[in-house]
Amino acid sequence: MKRFAWLCAAVMLLMGACSEENKDAFGPVVKAGIDFATEGLPSGKDFSYRVLIFNGVSLERVGDHTLSDLSSLSQVELPAGRYVWTVIAGYDQQAMTLLETENLSTCRLFLNTEATIPALYYASRLVYVGEEKQVDLLFSPILSSIEVSGQIPGEASSVEAVCAGIPRNFNLSSRSWDEQVLRDVPLTVTSSGSDPVLFTAKGVLPPASAPELVVTIEKEGKPYQLRHALAALQEGLTSVEQVEYTWDDFPDSGGFDVFLLIGQSNMAGRGTMLPEDVTEKLENVWLLNEEGEAVEAHNPLNQYSTVRKNLSMQQINPGYSFSKKIVRETGRKVLLVVNALGGSSIGMWEKTAGFVTDAASIAYGKLKLYDEAVRRTRQAMELGELKAILWHQGEANSSNPDSYKTVLAQFVSDLRADLGTPDVPFICGELAYWRSSSAGFNEMIRTVSTFVPYSDWVSAEGAGMLKDETDPHFSRDGQILIGERYADKALQMCYSAQ
């Protein structure tokens, strides 16, 4: 009797399990027979639709239709059961493709950014074929748009604009754009007038968290390009940007005040960077990159040095506050050539020195410090005028200040001669006050104008330490203080006549 009761219980459990499974089981093949109602689409506009149908249990793709009338979906034949219907409205075969996939979780939409991108809308619904007679598809936009209007100099013969840092890969299951796959998207530009030229650039494009506007203008057959950050682009919203450019705004057009910043670790920068230091754009300040191009400056400023150590070691240096103060006081466009190497002695900087012998340097065994400083400064001088040389070095030579004087005088003389700037101001800095080894060196540096013509020095008094008294590096605040003192000297030596 007990065995019979146990058998009955087992049968009941099995029937229950089968019943539970049957909720997701598929019945006979039937026509969908569903009327689709749409909400959220602009009225009076013709759409093309890409409809993907996925098994509601396994999420495998069982249908794929491109059509212009959703009502034809009522004729689609499927086994009765549960499905996920995913619809892209505004689909354009030339502008986009859907990655061939058998599963909803891996299905992607890829945009062809060389084609005109249409406005796109997205809807997804769980549909019970064989039961439901009407299904509401609630569409929402998955793209944003941008409109830029402004003016450029009248001498420009053409203007182009693109948005950079734009994703092109849309995940259908998570309804999100993948910002690991980024592209440039051209904008449609119209222009009018002649002096200045007025232009408008528009485009429909995927939302992006950190897009850039890239404007290229042409003068006498030569292109000039300017990039700047835009506010984040949001789904379904139009971003409006007003700009007004002069020739001085375009880095390749020249007009820079150029400053060469060289030396060892305190010029390379060891002051701890804060998160906001990395993201801050230094207005009207530019950096010479490895290709000899002027790019918008942001910390760390020694990042493009061709002789630096590991990038993670480069932090806040005096150039940060120096350049900000020069721009603030003069309104000029500043181009920094920062090419410092931590731990370098003055002997390594001599014109007659050989290749870099510090194995931690990216220039180890293949470049010379002096040659790189001259080469990169010459590149920058094609874009502007060299205003001053800033030199912060000496920790490696502080024990012998007398011999340092002779080497420094020859070094500056060689630099000026090879750069063709015999009178360019030379400004150097004191070492950390908390180190006893700095005293004699600093006393010598204060007399620099007696053995180097057109030179001056900046004080390190009050500049705080990074770690402790054994560390020669200045803190972030110390670097900022010294940078402002460099700026005060440069303002006096380079701009006082103005």
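Each part reduced to its alpha carbon centroid, region 225-288 and region 345-414 end up 26 Å apart. When peptides 200-211, 331-342 are sorted by average Cβ neighbour count within 10 Å, with the highest value leading, the order is 331-342, 200-211. Classify region 144-247 from the C-alpha gyration tensor, please: rounded if a/c falls under 1.5, else prolate or oblate depending on whether a/b exceeds b/c. Cα axes put region 144-247 in the prolate bin. The structure shown yields Cα Rg over 2.2 N^0.38 Å, and of the options (1) 0.91; (2) 1.00; (3) 1.41 that calculated value carries the label (3). Normalising by the residue count of region 219-376, find the relative contact order in percent from Cα pairs under 8 Å and 6+ residues apart. Relative contact order, region 219-376: 25 percent. Taking all pairs of distinct Cα atoms, average 1/r, flip it, and tell me the Kirkwood hydrodynamic radius of region 29-141 in Å to one decimal place. Roughly 14.5 Å, rounded to one decimal. When the pairs Lys45/Lys202; Lys368/Lys405; Lys405/Lys489; Lys351/Lys467; Lys324/Lys467 are compared against a 29 Å limit on Cα-Cα distance, Lys351/Lys467 fall above it. With kT/(6 pi eta Rh) evaluated at 20 °C and eta = 1.002 mPa s, and Rh the Kirkwood radius from Cα pairs, region 254-494 diffuses with a coefficient of 123 µm²/s according to Stokes-Einstein.
Using a Förster radius of 22 Å, what is the FRET efficiency between Arg175 and Asp69 based on their Cβ-Cβ separation? Nearest 0.05, please.
On the way: r = 25 Å, r/R0 = 1.12.
The calculated FRET efficiency here is 0.35.
No value in this document is a laboratory result; all are computed from the given coordinates. It should be emphasised that the depicted structure is a prediction, and the values quoted were computed from it without experimental measurement. Cβ atoms come from the backbone with ideal geometry, glycine included; neighbour counts cover every protein chain shown.
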